[in-house]
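Undergrad: My questions all concern the structure below.
Nothing in this text is a laboratory measurement; each read-out follows from the coordinates by a stated rule. Treat the numbers as computed from the prediction; the structure is a model and nothing was measured. A quick note on method: Cβ atoms are made from the backbone with ideal geometry, for glycine too, and the neighbour counts reach across all protein chains shown.
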Amino acid sequence: MENEMNNEFISPIENIENLEAVIEAILFTMGEAVELERLAAAAGHDEDTVRRIIRSMMDQYQAENRGIQIIELDNSFQMCTKATMYESIIKITHVPKKHVLTDVLLETLSIIAYKQPITRIAIEAIRGVQCDHAVNKLVEYNLITELGRLDAPGRPILFGTTEEFLRNFGIKSLDELPIVKPEKLEDFKLEVEEELQLELDI
Amino acid sequence: MENEMNNEFISPIENIENLEAVIEAILFTMGEAVELERLAAAAGHDEDTVRRIIRSMMDQYQAENRGIQIIELDNSFQMCTKATMYESIIKITHVPKKHVLTDVLLETLSIIAYKQPITRIAIEAIRGVQCDHAVNKLVEYNLITELGRLDAPGRPILFGTTEEFLRNFGIKSLDELPIVKPEKLEDFKLEVEEELQLELDI
Amino acid sequence: MPIQYKLESFEGPLDLLLHLIEKNKINIYDIPIVLITEQYMEYIHDLKEKDLDIMSDFLVMAATLLKIKSKMLLPADPKEDSEEAVDPRQELVERLLEYKMFKYISCELKDKQFGAAKLMFKESTIPDEISQYREPVDMKELLNDLTLQKLHVIFESVIKKQVDKIDPIRSKFGRIEREDINLSQKIMDIQNYGIQYRKFSFRKLLEAQCDKMEVIVTFLGILELIKMGRILIQQDDLFDDIIIDYLAEDIIPVEQFSIE
């Protein structure tokens, strides 16, 4: 199998148009500068031919409707945006995103607020679903933060709420969180049992 | 400062050619799928105009000498290589393995794709088997996500597919899911009836 | 040997049933239930891991088949409108149909994934100086009308759901154990109360309990004490208060109660 692959390396791409496409695809995927030597090997052509083709592509990219270009650096080639596009890229990264606390985020936040310090696994045990995404978002929003590591195998990260969290809810410490009464938990159990009983009766 | 920024958003790019260049540069730089809304805001044009321009760009990219293309994912756009470039790219770079989906995962995913938003219980009713594991794996692979809670006793989690799902299966939007054609349904019906050796009015 | 392991590739009772139907050319008017059950059991035997959850899924289908068969055997109810009478197999056929459809769709998706896997994407290459700029999150907008009270309600509902998820049977075992202790303690309490007051109101005793569980346990305690002959109860009229007479002169230690 490996050998077959290697043989393919040598098979040249006959069509010039297709060769251009291959070079474009490779430079796009790699992102970084790629040595002419490697490009030529992948294309199955000699370096001179490939260099000639890339140079002609570079001319084509100069068209007004292209936002990207190929630059040559020390016998390597790299695809990048044109310098004139800089402002537009700044603009797109500055388009404000709408941030919303979804149900998942709210539930995760409430669990962390009440059960902190808590590991991701423990949150998942309560919710029954993975919550990597929710935890990451809450960290991004600076509502929760890493508090340290649990002294257990794998040393998982412990999460808790931030000062920003306290400040935004106008409380000084976590002691001011509304209390979950033990009777309330007992009520839940009874409710669930009643629901189960109902199901059985039907 | 904030106001100045906002004003910059509004200044439109007059020239269509330049607008194409801007979109190309943005999609190239971002790498990820960019919402039409954000593209339009950065370009200072309305969404319809920007969508029209991107669609025309998508046609241009189909030219034989292009190795990259723009794909549409649920009103977002992303730049990627053409499928035909795959063989050439794997010659030059290591391609990360995609998750291999087992038949169980694929079956569960199909049900979620077509019936979303759907609860775990509803999936289990169709498959006749428990599917906690499959659902959790699909969440882990970011192919499905929680959409909220069903307003019913126990408030079960509702699941739906993600943008990653569309990307992984080359689907533009959920409207493009493979359809079971009415004839095909008729076939199924006949098959099942034959298997059961009876005729039913379904 | 390889054939046996192939059985493991069934993804559930519907999958297996479709296979068995194809293989046996089953006529549903005369379902070979014995054969199917045997084949089910064979399948379960072949499972490497005896997963109770998986087995129960398969047993449910076996039960469904039996139910269908029994319905087929029963004479049609003459009171039922003949038009309304539903073929008992209808539901099963519909389920099989739906399941078959999704199996078909999942094959289509598999093909699509194969094609889509050949597209290569590019990592974001936003220049550092731009990427370091982070649009500050507007906390007021983000938190909107979220209050601590709401967060508290959300937490309670999360915990309630967690309770929901607890296995009803096993969770009951746990509860019985705990009540065991409560009941013994309650019987001691009632005896203490009895020694002190000799004659007392059942209603007042119940009213003194702080929640439903306590009331139930107290009631059980009274029943137990009647059974033991430690107390006598008397009610003059229906719905009147019940008067409890404590007959004993001592208190029996809790260990002597065998509460089952």
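Undergrad: Along the stretch B:135-147, what does the Karplus equation 6.51 cos²θ - 1.76 cosθ + 1.60 (θ = phi - 60°) give for ³J(HN,Hα), rounded to whole Hz, x for Gly and Pro?
TA: 4, 5, 5, 5, 5, 4, 7, 6, 8, 10, 8, 6, 9
Undergrad: Now for a different question. At 7 Å along the Cα-to-beta-carbon direction for both C:Lys23 and B:Asp103, put a label point, then send me their distance in nm to one decimal.
TA: With each label point 7 Å from Cα toward Cβ, the separation is 1.3 nm.
Undergrad: Can I ask one more? Per q in 0.19, 0.22, 0.25 Å⁻¹, report the Debye log10 I(q)/I(0) for the stretch A:7-93, using one uniform scatterer on each alpha carbon and no solvent.
TA: Evaluating at q = 0.19, 0.22, 0.25 Å⁻¹ gives log10 I(q)/I(0) of -0.83, -1.06, -1.30.
Undergrad: For the pairs B:Lys115/C:Lys140; B:Lys137/C:Lys140; B:Lys97/C:Lys103; C:Lys150/C:Lys186; C:Lys23/C:Lys100, note any where the Cα-Cα span goes beyond 27 Å.
TA: From the list (B:Lys115/C:Lys140; B:Lys137/C:Lys140; B:Lys97/C:Lys103; C:Lys150/C:Lys186; C:Lys23/C:Lys100), the Cα-Cα distance tops 27 Å for B:Lys115/C:Lys140; B:Lys137/C:Lys140; C:Lys150/C:Lys186.
Undergrad: Starting with the fewest neighbours, write out C:Phe200, B:Phe159, B:Phe28 ranked by other beta-carbon atoms found within 10 Å of each beta-carbon.
TA: If I rank by nearby Cβ atoms, fewest first, I get C:Phe200, B:Phe28, B:Phe159.
Undergrad: Ranking B:Ile70, C:Ile190 by Cβ neighbours within 10 Å, fewest first, what do you get?
TA: With the fewest neighbours first, B:Ile70, C:Ile190 line up as B:Ile70, C:Ile190.
Undergrad: Grab the beta carbon distance between A:Asn15 and C:Val153, set R0 = 56 Å, and tell me the FRET efficiency rounded to 0.05.
TA: With a Förster radius of 56 Å, E is 0.30.
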